[in-house]
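To start, the structure under review is shown below, and the notes come after it.
The values are calculated or read from the model by the stated rules, or taken from the named source; none is laboratory data. From a predicted model like this one, the values you see are computed outputs, not experimental measurements. Note that each Cβ is placed from the backbone with ideal geometry, even for glycine, and that neighbours are counted across all protein chains shown.
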Amino acid sequence: QLQASGGGLVQAGGSLSVSCAASGIIFSIVRMAWYRQAPGKQRELVAAITNAGSTNYADSVKGRFTISRDNAKNTVYLQMNSLKPEDTAVYYCAAALNTVGRYPYWGQGTQVTVSS
């Protein structure tokens, strides 16, 4: 199970952080990620991190967002800086037990709204 928290409303240029705590599958998680889905758009990968700490980011958030992971707390974080209105979306955390392929475990989503 994945429980996301954080998010909210912020003005453009501001910062927000979201976090996602894992339970039940924590000893087998290899990858964790944040996706987002804006109204009328497909869900897209924002950032991902492996249990070894390797990260990758969508081009649209590189240099602004940082994904991190606390293995002791089984939690993944997404720090979002220099937010833009186009970052407005529901943000979902996801987890996988392997190194490639789809993410089978999903959190419930948390709303991030950036006003202009």
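Of all residue pairs spaced 6 or more apart or on separate chains, those with beta-carbon atoms under 6 Å, a first member in the stretch 1-25 that is in contact (Cβ under 8 Å) with a residue 40 or more places away in the chain and among the hydroxyl-bearing types (Ser, Thr, Tyr) and a second member that is in a loop (DSSP other than H, G, I, E, B) and exposed (fewer than 15 other Cβ atoms within 10 Å of the Cβ) are SER15/ASN81; SER23/GLN1.
If the condition is being under 17 Å from LEU2 (Cβ atoms) and either among the aromatic types (Phe, Trp, Tyr) or in contact (Cβ under 8 Å) with a residue 12 or more places away in the chain (or both), then the stretch 90-104 contributes VAL90, TYR91, TYR92, CYS93, ALA94, ALA95, ALA96, LEU97, ASN98, TYR103. Listed by first and then second residue, the pairs with beta-carbon distance under 8 Å, at least 6 apart or on different chains, first residue in the stretch 63-83 and within 17 Å of VAL10 (Cα to Cα), second among the aromatic types (Phe, Trp, Tyr), are PHE65/TYR57; LEU78/TRP34; LEU78/PHE65; LEU78/TYR91; GLN79/PHE65; MET80/PHE65; ASN81/PHE65.
Of the strands (runs of 3 or more DSSP E) that lie entirely inside the stretch 45-116, those containing 2 or more residues that are surrounded by fewer than 18 Cβ atoms within 10 Å (Cβ to Cβ) and out of contact with any helix residue (DSSP H, G or I) (no Cβ under 7 Å at 6 or more places or on another chain) span 55-57, 65-70, 110-115. Filtered by the rule that a residue be farther than 12 Å from ARG31 by Cα, modelled with pLDDT of 95 or more and of a type in the set (Gly, Ala, Ser), the stretch 54-91 gives ALA58, SER60, GLY63, SER82, ALA89.
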